[in-house]
């Protein structure tokens, strides 16, 4: 199993932004995410500055294994790294996160 790098808040936020960019490439995927999050497409830019929103992006991604694998491939990281970033942003991985 590949070693997962130490996940900082900044790395977690960057991965969430990459995941959002991946979702935005496909109207169906983006629509599903927007429907789940309850925000409109016009609010994405503003919401992307909110760490809680970014945690929600990764929450959406890790809940769907094929999506998780696709996002990890797109971002050039392991699926475990995306999962650790999700934990870091959601507050579940507070220990060891800076």
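Numbers at a glance
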| item | result |
| --- | --- |
| Number of positions in the stretch 1-13 that are crowded, with 16+ Cβ neighbours inside 10 Å and at pLDDT 90 or above | 3 |
| Matching option when the condition is part of a helix (DSSP H, G or I) and touching a residue at least 40 places away in the same chain (Cβ under 8 Å), among 54, 67, 20, 30 | 54 |
| Only listed residue being modelled with pLDDT of 90 or more, over 17 Å from residue 90 (Cα atoms) and under 15 Å from the mean Cα position of the chain (by Cα), chosen from 55, 47, 21, 16 | 21 |
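The values are calculated or read from the model by the stated rules, or taken from the named source; none is laboratory data. Model, not experiment: these values are computed from the prediction. Backbone-built Cβ (ideal geometry, glycine too); neighbour counts: all protein chains shown.
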